[in-house]
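To keep things clear, I will list the structure first and then write my remarks on it.
Derivation of every value follows stated rules applied to the coordinates shown; laboratory data play no part. Values in this document were obtained by computation on a predicted structure and should not be read as measured data. FYI the Cβ positions are ideal-geometry reconstructions off the backbone, even for glycines, and counts take in every protein chain you see.
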């Protein structure tokens, strides 16, 4: 009887992989304490999965989101990062040396045609500035590649629709990554709603305050606080309610002069009403001095579900002067680390199912 050892692999939270040591052959194996005959569906799936060639991928953009995806991709055994496309070639080369990615090629955007024409590339990850998304998405789809794209797909509705039409024509997936849908805590709230733990929903509150203040160079190309920040909270609320609002009211103000000069705001309050009568409120800020403030509350006839702020550690110190807690996460790469990995895994699962 051979034994499959269950192992957790870094970068794949919530998933268990199975390794058969020593290449020993036998009629049975043990998985999570159960005997599974060799040749059974589960056994065959484990053997088959370990034999699959990694999916060749290319990464467009090496900014804030691009760096997150770069680190996740190079840790993922299911993919081979073949290309990185960005204006800053020295930055790419430095990263490739630092992380020992000797087989990854650095390209400028002008050289992107090499990616589209490379049949060994099965998918592209689009993390470049918003104004470049539509062209990259459509070019990749036309060459038969799946696309994982950071939101938004395009700068307007017509462009977004055109990209999904292209996806249907190509028969390849186009995945717009709203990563917070994959956050375990937010998923837990959704599960509680679907299990009727709160009954009829009357109120949803979300607090989303950035930390630290993003660079002005980024804010200038971000599309503004509504497209860059509020879109995440609006998406989560509509997703967990399974409804779209019938009325929306928003007020904002720019306390930071440089943001005012961009014709943008840094502090926003949004109120929405839904067909069911549920009300939702969103509290947004570009800068919370105490950490990345992310809270969700759902109140209904049977109770309340809350996703609280997460902290760097669970350690707290109590003494005669009171109790102190570890600080909350510094910014979005730390708070939503798991969600980025799980969103990527979902996309790869779709790719493996051949869409």
Practice task
Identify which of 140, 260, 280 has the largest mean-square fluctuation in a Gaussian network model of the chain, with springs joining Cα atoms closer than 10 Å.
Solution key: 260
Handout entry: Inter-label distance, nm, simple model (7 Å from Cα along the C-beta direction), residue 187/residue 235
Key = 1.6 nm
Completion exercise
What helix-only [θ] at 222 nm does the chain give? Using -39500 (n - 2.57) per DSSP H run of at least 4, over all residues, to the nearest 500, the answer is -9500 deg cm²/dmol
Exercise for the section: Report the label-to-label distance for residue 200 and residue 324 in nanometres (one decimal), using points 7 Å from each Cα along the Cα→Cβ vector. Expected result: 4.8 nm
Practice task
Could you compute the FRET efficiency for residue 118 and residue 315, with r as their C-beta to C-beta distance and R0 at 45 Å, rounded to 0.05?
Solution key: 0.40
Fill in the blank from the handout: Residue separation between residue 99 and residue 164 times 0.36 nm, minus their alpha-carbon distance, gives in nm 19.9 nm
Exercise for the section: With the convex hull built on the Cα atoms of segment 147-215, state its orientation-averaged projected area in nm². Expected result: 7.7 nm²
Fill in the blank from the handout: One computes Rg over Rh for the chain from alpha-carbon atoms, with the Kirkwood Rh, and obtains 1.00
Practice task
Kindly provide the Kirkwood hydrodynamic radius of segment 43-186 in Å, to one decimal, from all pairs of distinct alpha carbon atoms.
Solution key: 15.8 Å
Problem - Label-reachable residues, segment 276-313, where backbone N falls under 16 Å from a point 7 Å from residue 334's Cα toward its Cβ - result: 287-295, 309-313
Problem - Residue with peak Gaussian network fluctuation, the chain [Cα springs, cutoff 10 Å], from 342, 325, 81 - result: 325
Handout entry: Cα-based equivalent ellipsoid of segment 184-335: semi-axis lengths in Å, sorted from largest, via gyration tensor
Key = 26, 25, 12
Fill in the blank from the handout: Here Rg/Rh (Cα, Kirkwood) for segment 259-308 equals 1.08
Problem - Stretch gain in nm, segment residue 242-residue 67, where the contour uses 0.36 nm per residue and the Cα spacing is subtracted - result: 59.8 nm
